[in-house]
Amino acid sequence: NLHASLLPQYRGAAPINWAIINGETTTGVSTFFINEKIDEGNLIISKEVPIEEEDNAGSLHDKLLEIGEITVLETLEQIETNTYKETKQAHSDTLKYAPKLFKEDGKINWNQSANQIHNLIRGLSPYPVAYTVFVAKNKRKETMKIYKSQAVVEKHHATVGLVETDNKSYVRIPCSDGYIYVDEIQLVGKKRMPIKDFLLGNKNMHLVQCL
């Protein structure tokens, strides 16, 4: 079997997402023999892949798919020629897991750090997508999906979650230790778009509160 992590780390259904969400700089692929436990069989081959700062779940998936195809072929060749070596997976209390993602996992907590929020956005883009709920000027709650962002760490006295914008080129949202600059978003029922395009038709985001 092939798994999109360096086993035994990130056993589970969503290893690509969780590696980015947790701020890892390296991941990889592993081939292993299946046993009665999920993702715990003896390892055959593991290959490392760096996680770049600009990577999101989509781009990392494509990288791992490419190296995974090569790794599977190497594994099959070793099994066919009986040259493979099995390695028992380590068991430790410090292992990180990759459970299935649910909608609530994608809700942004603006009390977290800029890097934590940015990594959540990267780790859930392009699917299932991080989101925030805000109270519009008409008092209705709306959901905004965020596909792309930048994290800026700096001291401020702004209210956490209170949107700041010049209504032309940027939207930034204060968090615990800085700002998230929102680069690409989608409102419910609308198209995904860059923030500058969004602001052309939406001039009422300043001082909107994200929950």
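Read-outs throughout are calculated quantities, based only on the coordinates presented, and are distinct from any laboratory measurement. Bear in mind that the values here come from a model prediction, so they are computed numbers and not experimental data. All Cβ positions, glycine included, derive from the backbone under ideal geometry; neighbour counts span all protein chains shown.
Observations on the model:
- Of all the criteria given as (1) of a type in the set (F, W, Y); (2) closer than 21 Å to I51 by Cβ; (3) touching a strand residue (DSSP E or B) at 6+ places or on another chain (Cβ under 7 Å), the one not satisfied by W110 is (2).
- The residue that is farthest from the chain's Cα centre (by Cα), counting only those in the range 70-86 that are in a helix (DSSP H, G or I) and loosely packed, with under 12 Cβ neighbours inside 10 Å, is E80.
- For I173, the requirement of being assigned to a helix (DSSP H, G or I), out of contact with any helix residue (DSSP H, G or I) (no Cβ under 8 Å at 6 or more places or on another chain) and β-branched (V, I, T) is not met.
- The lone criterion from (1) in contact (Cβ under 8 Å) with a residue 60 or more places away in the chain; (2) outside any loop (DSSP other than H, G, I, E, B); (3) over 30 Å from L207 (Cβ atoms) left unmet by L120 is number (3).
- Conditions (1) surrounded by fewer than 17 Cβ atoms within 10 Å (Cβ to Cβ); (2) touching a Pro at 6+ places or on another chain (Cβ under 6 Å); (3) under 23 Å from V49 (Cα atoms); number of the one not met by Q89: (1)
- For the range 36-69, the candidate set comprises residues that are over 23 Å from the mean Cα position of the chain (by Cα) and part of a strand (DSSP E or B); within that set, the residue that is farthest from N119 (Cα to Cα) is I44.
- The range 188-201, subset surrounded by 16 or more Cβ atoms within 10 Å (Cβ to Cβ) and either touching a residue at least 12 places away in the same chain (Cβ under 8 Å) or in contact with a Pro (Cβ under 9 Å, 6 or more places away or on another chain) (or both), residue farthest from K139 (Cα to Cα): I195
- Restricted to the range 126-162, and to residues there that are touching a Phe, Trp or Tyr at 6+ places or on another chain (Cβ under 7 Å) and of a type in the set (A, V, I, L, M), the residue that is nearest to N56 (Cα to Cα) is V129.
- Consider the range 12-27 and keep the residues that are outside any loop (DSSP other than H, G, I, E, B) and in contact with a Ser or Thr (Cβ under 9 Å, 6 or more places away or on another chain). The one that is farthest from D39 (Cα to Cα) is I20.
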